[in-house]
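Right, one structure below, let's go through it.
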Amino acid sequence: MKKRRVAVLGATGTVGQRFISLLAGHPWFELTALTASDRSAGRRFGDAVHWLLPSDIPDGVGDMRVGPTDGAVDAEICFSALPTEAAGEHEAALAKTGHHVFTNASPHRMDDDVPLLLAEVNFEHVRALEKQRRSRGWSGSIVANGNCTAIHLNLALAPLHRDFGIERAVVTTMQALSGASYPGVASLDALDNVIPYIDDEEEKVIAETNKFLGGWDGTSFVPAGIAMSVHCNRVTVRDGHTETVSLTLRGGPKVDDVKASLRAFSGRPQQLGLPSAPKRPVVVRDEPDRPQPVLDRDVEKGMATTVGRVREDPVLGTKFVLLGHNTIRGAAGASVLNAELLLAEGCV
Ligand code: NAP
């Protein structure tokens, strides 16, 4: 296959750097452009970036010139790690000029013609791209990722909703500092502390879950209609969001049935053997003290959600703990997998 030309928008940021590391040596994609703000545009990438990952900047990337984020990006596919305001301004303009944009930013996630795609979960939502191209007159497209918390939650919820049906859920999160970008939360606010508020996060997790797990009826997205209560907290972990989940499943399945449903879960990425697909999108552990961020966030190269402590809940029926890497499967890795899926299915 001829490699497709790809750009990273917001390349100097936390998620942008993840994109660059995941795209290094990718069998289908060739990195041809990097963009950032006016602060970085025109500079050598290696000089503009404050590189945060333990691995070196991939060969050749440090010498690439950072471009402005405008309609002239030299690539077919744009992986966007732009902040909200810049994404709102630039992503639609790029789709209009023929670019296929895979975004981590929130402005288009809930649009009625933008697939909020989680590759194993809701491939049928891609049919909304026909409506998007027709109604907006774009030759390109926008496909969105969910927010990092919603992505990992929905990898675990999807098999349970498919096998049993979810009536209601209560979710409490312990979210990593890297989820707040760099330099994120001030150290004097973060250390020795838990911050019980993340702007707009609880509303996003509820709305995105109901879009992810809902349907596409040919003209509109149909929300899943799950009643949810979500509490989001920022904790002093570097990478990896932990979430405790209590939920009511139809038919009141036993713990072993819930574990079996989670363990059996796979989707189109696994069937197609996509390059970034985890072998197991959901990993279930039986030890009483797992998952933990330092032990489990890198399982399946950061592309899986780990679930543990599956047990009966005396109030709602079932409960468990889940954990996932927020900048890999919770952001850049999810976009790369979405792009692989759409290419493999001939949608872009
Ligand atoms: P970040 O570290 O603040 O990086 C932002 C990037 O965008 C930088 O490259 C920055 O370039 C560039 N930028 C800033 N203003 C710009 C403008 N006006 N025009 C063009 N480029 C601009 O943010 P991040 O954590 O990587 O997050 C990126 C996006 O992903 C956000 O929408 C965020 O909500 C979403 N997201 C983040 C996570 C996470 O775990 N961090 C997870 C899921 C989704 P300069 O270096 O030149 O300023």
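The values are calculated or read from the model by the stated rules, or taken from the named source; none is laboratory data. Since the structure is predicted, the reported quantities are computational estimates derived from the model, not experimental observations. Cβ atoms come from the backbone with ideal geometry, glycine included; neighbour counts cover every protein chain shown. To get the accessible areas, we keep the full protein, side chains included, count just its heavy atoms, and leave off ligands, DNA and RNA. Shrake-Rupley method; radii C 1.70, N 1.55, O 1.52, S 1.80 Å.
Looking at (1) more than 22 Å from Met303 (Cβ to Cβ); (2) within 14 Å of the ligand (Cβ to nearest atom); (3) among the charged types (D, E, K, R); (4) modelled with pLDDT of 95 or more, which is the one condition that is false for Asp70?
Here Asp70 clears every test but (4).
Can Lys259 be described as more than 16 Å from the ligand (Cβ to nearest atom), in a helix (DSSP H, G or I), outside the structural domain of Pro54 (by TED's automatic domain parsing) and among the charged types (D, E, K, R)?
Judged against the criteria, Lys259 is a match.
Got a number for residues in region 161-190 being in a helix (DSSP H, G or I), more than 14 Å from Asn210 (Cα to Cα) and in contact (Cβ under 8 Å) with a residue 60 or more places away in the chain?
Matching residues across region 161-190 total 4.
Select from region 271-285 the residues that are free of Cβ contacts under 8 Å to residues at least 60 places away in the same chain and closer than 20 Å to Gly333 by Cα and write down the one among them that is most open to solvent (accessible area, probe 1.4 Å).
Within region 271-285, the match that is most open to solvent (accessible area, probe 1.4 Å) is Lys279.
Can you tell me how many residues within region 240-265 are on the phi > 0 side of the Ramachandran plot and open to solvent by less than 60 Å² (accessible area, probe 1.4 Å)?
Selection size over region 240-265: 2.
Counting just the residues of region 113-166 that are aromatic (Phe, Trp, Tyr) and out of contact with any strand residue (DSSP E or B) (no Cβ under 6 Å at 6 or more places or on another chain), which one comes out farthest from Gly308 (Cα to Cα)?
Per the criteria, the residue is Trp138.
Going by the conditions given, is Arg134 assigned to a helix (DSSP H, G or I), in contact with a Ser or Thr (Cβ under 9 Å, 6 or more places away or on another chain), over 24 Å from Asp200 (Cβ atoms) and basic (Lys, Arg)?
no
Could you check Ser37 against (1) over 18 Å from Gly330 (Cα atoms); (2) among the small types (Gly, Ala, Ser); (3) more than 10 Å from the ligand (Cβ to nearest atom) and say which number it fails?
(3)
Tally time: how many residues in region 180-201 are farther than 30 Å from Leu249 by Cα and out of contact with any Leu (no Cβ under 8 Å at 6 or more places or on another chain)?
Number satisfying all stated conditions: 12.
Show the residue pairs meeting these rules: Cβ distance below 7 Å; 6+ apart or different chains; first residue within region 312-335 and closer than 19 Å to Asp257 by Cα and assigned to a loop (DSSP other than H, G, I, E, B); second residue among the small types (Gly, Ala, Ser) and more than 10 Å from the ligand (Cβ to nearest atom).
Here the result reads Val315/Ser246; Leu316/Ser246, each pair linking region 312-335 to a residue that is among the small types (Gly, Ala, Ser) and more than 10 Å from the ligand (Cβ to nearest atom).
When region 26-41 is examined, which residues are found to be out of contact with any helix residue (DSSP H, G or I) (no Cβ under 9 Å at 6 or more places or on another chain) and either open to solvent by 30 Å² or more (accessible area, probe 1.4 Å) or farther than 24 Å from His90 by Cβ (or both)?
Pro27, Thr32, Asp38, listed by residue number.
Quickly run through region 77-125 and pick out the residues that are outside any loop (DSSP other than H, G, I, E, B), open to solvent by less than 10 Å² (accessible area, probe 1.4 Å) and more than 10 Å from the ligand (Cβ to nearest atom).
Selection gives Ile77, Cys78, Phe79, Glu91, Leu94, Ala95, Val101, Phe102, Leu116, His125.
Any residue in region 27-55 that is among the acidic types (Asp, Glu) sitting within a Cβ distance under 7 Å of a residue that is within 13 Å of the ligand (Cβ to nearest atom) and open to solvent by less than 30 Å² (accessible area, probe 1.4 Å)? List the pairs, counting only those 6 or more apart or interchain.
Between residues of region 27-55 that are among the acidic types (Asp, Glu) and residues that are within 13 Å of the ligand (Cβ to nearest atom) and open to solvent by less than 30 Å² (accessible area, probe 1.4 Å), there is no close pair.
What is the residue count in region 1-25 for residues that are aliphatic (A, V, I, L, M), near the ligand (Cβ under 9 Å from one of its atoms) and open to solvent by 30 Å² or more (accessible area, probe 1.4 Å)?
1
For region 297-330, how many residues are of a type outside the set (A, V, I, L, M) and within 16 Å of the ligand (Cβ to nearest atom)?
Matching residues across region 297-330 total 10.
Condition test on Arg268, is it at pLDDT 95 or above and open to solvent by 60 Å² or more (accessible area, probe 1.4 Å)?
Considered against the rule, which asks whether it is at pLDDT 95 or above and open to solvent by 60 Å² or more (accessible area, probe 1.4 Å), Arg268 comes out as yes.
May I ask you to list the residues in region 241-271 that are among the basic types (Lys, Arg) and within 12 Å of Phe320 (Cβ to Cβ)?
Correct list: Lys259 only.
Is it the case that some residue within region 165-177 is open to solvent by 10 Å² or more (accessible area, probe 1.4 Å), among the β-branched types (Val, Ile, Thr) and within 16 Å of the ligand (Cβ to nearest atom)?
Looking for residues that are open to solvent by 10 Å² or more (accessible area, probe 1.4 Å), among the β-branched types (Val, Ile, Thr) and within 16 Å of the ligand (Cβ to nearest atom), one finds none in region 165-177, hence no.
Which residue, of Asp47, Asp63, is in a helix (DSSP H, G or I), farther than 20 Å from Glu91 by Cα and either touching a Gly at 6+ places or on another chain (Cβ under 9 Å) or at pLDDT 95 or above (or both)?
Matching residue, one of Asp47, Asp63: Asp47.
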